[in-house]
Amino acid sequence: MNSGEFFSNKPLSLKFFSVDRLCMNSDEEESFKKQFKDSFDQEMRLEIVKDKVDEISRKIDFLEKKLNNTKKTVEKKKFMIFLDTADVEEIRKAHSWGVIDGVTTNPTLVCKTGRSFEECIHEIVNIVDGPISAEVVSLDSEGMVKEARELAKIHKNINIKIPITPEGLKAIKILSKEGIKTNATLCFSANQAILVAKAGATFVSPFIGRLDDIGHEGMQVVRDIVQIYKNYDFKTKVIVASIRHPLHVIEAAKCGADIATVPFDVLEKMVKHALTDVGIKRFLDDWAKVPKK
Ligand code: G3P
């Protein structure tokens, strides 16, 4: 192999370098070649290692992205059911079925119980270990924030229901910076939902039944919100509220909403099926005819 061949596969800077020009004797040439061969080999090994490191980094990036997407999918798959009531007996009963993840209240629901707001809330937080919504009644942001801070002190699970108005947005922004969870309530449009998500609301509650009542398709607003939040990875969770019947719950789950908050009578309708009752009766009747030992 002549020196030209020896260097032919080496880096450009050395390719045009000929050992002959150095006028070395054969021993010097051999030692020279060996010295360079060693350094080239080292250089090659380094290149190979660098290539490997790049390849592994690319693989790690790819796996990280895949893992994050999987995490998001898994998170998205969690569908929660809240009970929409301030009646502690209903809450106790539903909770004993083991399917309730949280509770939402509002001034009307508290009024129906005939008890004080504080009394209701203190009892509810001791029954359900999950998000509990308690609503403010102030109309200005300062008043809302003051009420919210007091309510948040009652229990770590309390989130503050704030109506969607310009003052409400201001309050949500302040509270979210303080780490106080909020539920933007009385939501009737996707535009409102965009604004509360930008303000940092923890939850948004589109009232679908009340939209249906006036001839608008409430569930379409939920679909729009879910799509928009997904497009931009907004963290605000969608609570489908003002639910009137079990079909609303199915639609909420189908379109990817995070939560359905249901009145107790709707929860009862969800569990009940005439064929289940008929089936139980038939099994028991037949069981009675089975000879006993
Ligand atoms: O969570 C809000 C809900 O209580 C409102 O329901 O039946 O008064 O429209 P509704």
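We did not get these values from a lab; they are worked out from the coordinates using the rules stated. Just so we're clear, the structure is a prediction, and the values are computed from it rather than from any experiment. Counting neighbours? That spans all protein chains shown, and the Cβs are built from the backbone with ideal geometry, glycine included.
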Per DSSP, loop chymotrypsin sites (Phe, Trp or Tyr not before Pro) in segment 33-126 with at most 15 further Cβ within 10 Å:
79, 97
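Compute the signed sum of charges (Lys and Arg +1, Asp and Glu -1) over the other residues within less than 12 Å, Cβ to Cβ, of residue 49.
Summing Lys and Arg as +1 and Asp and Glu as -1 gives -2.
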Using Cβ counts within 10 Å as a stand-in for footprinting exposure, how do 283, 188 rank, fewest first?
283, 188
Going through the cross-link list 161/235; 78/198; 71/146; 65/237; 71/173, which pairs have a Cα-Cα distance over 25 Å in this structure?
71/146; 71/173
Calculated from DSSP H runs of 4 or more alone, at -39500 (n - 2.57) each and per residue, what is the 222 nm mean residue ellipticity of the chain, nearest 500?
-19000 deg cm²/dmol
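Order these by the 10 Å Cβ neighbour count, fewest first: 122, 273, 248.
273, 122, 248
Give me the net charge of residue 199's neighbourhood, meaning all other residues with Cβ under 9 Å from the Cβ of residue 199; Lys, Arg count +1, Asp, Glu -1. Intermediate results must be reported in sequence, preceding the final value.
Numbers: positive: 170, 173, 198; negative: none.
Cβ neighbours under 9 Å give a net charge of +3.
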Nearest 10, in degrees from 0 to 90: the angle of helix 274-289 to the longest Cα principal axis of the chain is 80
What fraction of the Cα pairs in the chain, stated in percent, has a spacing above 30 angstrom?
52
So which aspartates and glutamates pass the test for residue 33, namely a Cα distance under 14 Å, with those fewer than 8 places away in the same chain ruled out?
5, 20, 41
Lys/Arg +1, Asp/Glu -1 at C-beta; the chain dipole; positive extreme among 24, 222, 80:
80
Helix 190-199 against the longest principal axis of the chain: what's the angle in degrees, Cα atoms only, rounded to the nearest 10?
60
Trypsin sites (Lys or Arg not before Pro), restricted to segment 146-178: which are DSSP loop and have at most 16 other Cβ atoms within 10 Å?
156
Going from the fewest other Cβ atoms within 10 Å to the most, one would list 144, 44 as 44, 144
